[in-house]
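Just below is one structure, and these are the notes that go with it.
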Amino acid sequence: GSAAFAAAATLLLALWPAAALATDIALDFGSLPSAQGCTFVSGGSPVATEAQTFSLGSGVLTLNSMAFGITGAGTSALYTHTGVVNNFEPIVITMRGRVIQFEGDFTNSFVGGGFSFGFAQGATYYMMGISPTQIRNVNGVILSSAYDNTQFHDYRLEWTPPSSVRYYVDGTLISTNSAGFGQVANRLTLGDGTGASNAHAEITQYRFLQGASTGAKPSTWGRIK
């Protein structure tokens, strides 16, 4: 009867968000990320502009912070997207790119050779930092020196709650660990997140996926449930 149908519908609505929740965000490099809902952030000294550090061409997003200082509170320049990460569903971030040059200190937290991508899920920040010859985590630990990162590769960062992180290059697992950096924030990051080093990098693909549905059609900084 109608009462039974209403009860079943109520149950389905209660179960649907938990079963189907997925966040699928992809950048389209036909325009700058700042035109797609994310925020350009620069810190340190001097503070850079987006036009000084990022550019577009033929579907490639180029970061070049090599012109800025690396001592003291040197320049950082990156994109962030806030409010899209939760702390209870698995995460996959994929990025295709290369790092042509870097300079500076590649041993401190958030350095990433001047180029990195990662996320903070409310309490902890996880990151994959890339230089021409090394891949490191957020704490500066070398994960691999086996790749020529001046050539394009497919990089992938996977997180399984509460703290397991896997790092891949071209589909090959290079490290599994739980290393993160305490940070009370909810955000994605892409670019030069430190004043301690600079980089010249090119990115052709970026996608963030959180939740069970890995087959969702990507949107531009969108949210699919």
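The values are calculated or read from the model by the stated rules, or taken from the named source; none is laboratory data. The structure displayed is predicted, hence computed values, not measured ones. Because the Cβ atoms are built from the backbone with ideal geometry, glycine has one as well, and the counts that use them run over all protein chains shown. Ligands, DNA and RNA are excluded from the accessible area calculation, which covers all protein heavy atoms including side chains. Shrake-Rupley method; radii C 1.70, N 1.55, O 1.52, S 1.80 Å.
For the pair Thr160 and Glu103, a Förster radius of 41 Å applied to the C-beta separation gives a FRET efficiency near 0.75, rounded to the nearest 0.05. Counting protein heavy atoms only, segment 126-209 has 52 percent of its accessible area on carbon and sulfur, 1.4 angstrom probe.
Projecting label points 7 angstrom from Cα along Cα→Cβ for Leu56 and Asn87 puts them 3.6 nm apart. For Tyr168, neighbours were defined as the other residues whose beta-carbon sits under 9 Å from its Cβ, and their charges (Lys and Arg +1, Asp and Glu -1) total -1.
Near Thr124, the amide H atoms lying under 5 Å from its own belong to Gln183, Ala185; only residues 5 or more places off or on other chains count, and H is placed 1.01 Å from N.
Between amide H atoms placed 1.01 Å from N, distances below 5 Å from Ile174 occur with Tyr167, Tyr168, Val169, all of them 5 or more places distant or on a separate chain. For segment 116-127, backbone phi angles converted through the Karplus equation (6.51, -1.76, 1.60; θ = phi - 60°) give residue-by-residue couplings of 7, 9, x, 7, 10, 10, x, 9, 9, 9, 10, 8 Hz, Gly and Pro being listed as x. Across segment 130-198, the volume of the C-alpha convex hull divided among the residues equals 109 Å³ per residue. The orientation-averaged projected area of the convex hull spanned by the Cα atoms of segment 40-105 comes to 6.3 nm². Backbone amide hydrogens, once placed in the peptide plane, bring Ala48 within less than 5 Å of Gly43, Ser76, excluding anything fewer than 5 places away on its chain.
Solvent exposure of segment 59-104, expressed per residue, is 40 Å² of accessible area, with all protein chains present and a 1.4 angstrom probe.
The simple spin-label model puts a point 7 Å past each Cα toward its Cβ; for Ala123 and Phe152 those points are separated by 4.0 nm.
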